[in-house]
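So the structure is just underneath, and the comments pick up after that.
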Amino acid sequence: MADNMRWVGTWTTTPAPAEGAAFANQTFRMNARVSTGGDRLRVRLSNAYGSRPLLVGAAYVGLRDSGSGIVAGSNKKLTERVPA
């Protein structure tokens with residue numbers, strides 16, 4: 001990232017307690033309320049409050065349309081990039 005650029009946190013979400021529940025082949029949709037614009041997005045998934053491993057098959061981000069729909073063509077698969 002260029003020297004004149006920096007990451008700015010724009011929202012957080014509360015942990016969703018699911019202790020004792022088992023999920024398999026489930027889709028979870030979370031609507032982020034972004035208050036600051038930009039041309040890059042960094043997403044962090046955390047299992048800070050979990051007692052079992054969190055396995056994520058895939059994650060996507062897209063622009064919300066109406067209801068639970070997304071704007072056609074805006075859905076992008078997230079890729080893993082581990083900092084050096």
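Each value in this text was obtained by applying a stated rule to the coordinates, not by laboratory testing. Remember, it's a predicted structure, so these values are computed and weren't measured experimentally. Here Cβ is always computed from backbone atoms with ideal geometry, including for glycine, and neighbour counts include all displayed protein chains.
Things to note:
- Counted charge near Gly9, where neighbours are those whose Cβ lies closer than 12 Å (Asp, Glu -1; Lys, Arg +1): +3
- Amide proton proximity set for Ile70, modelled H, under 5 Å, gap of 5+: Asp65
- The phi-based Karplus calculation (6.51 cos²θ - 1.76 cosθ + 1.60; θ = phi - 60°) puts the 3J(HN,Hα) values of the stretch 51-61 at 10, 10, x, 9, 9, 10, x, 6, 9, 10, 9 Hz, whole numbers, x for Gly and Pro.
- Distant-in-sequence amide contacts of Ala59, defined by a placed amide H-H separation under 5 Å and a gap of 5 or more residues or a different chain, comprise Leu78.
- Were the residues from Asn75 through Leu55 laid out at 0.36 nm apart, the gain over their Cα-Cα distance would be 5.1 nm.
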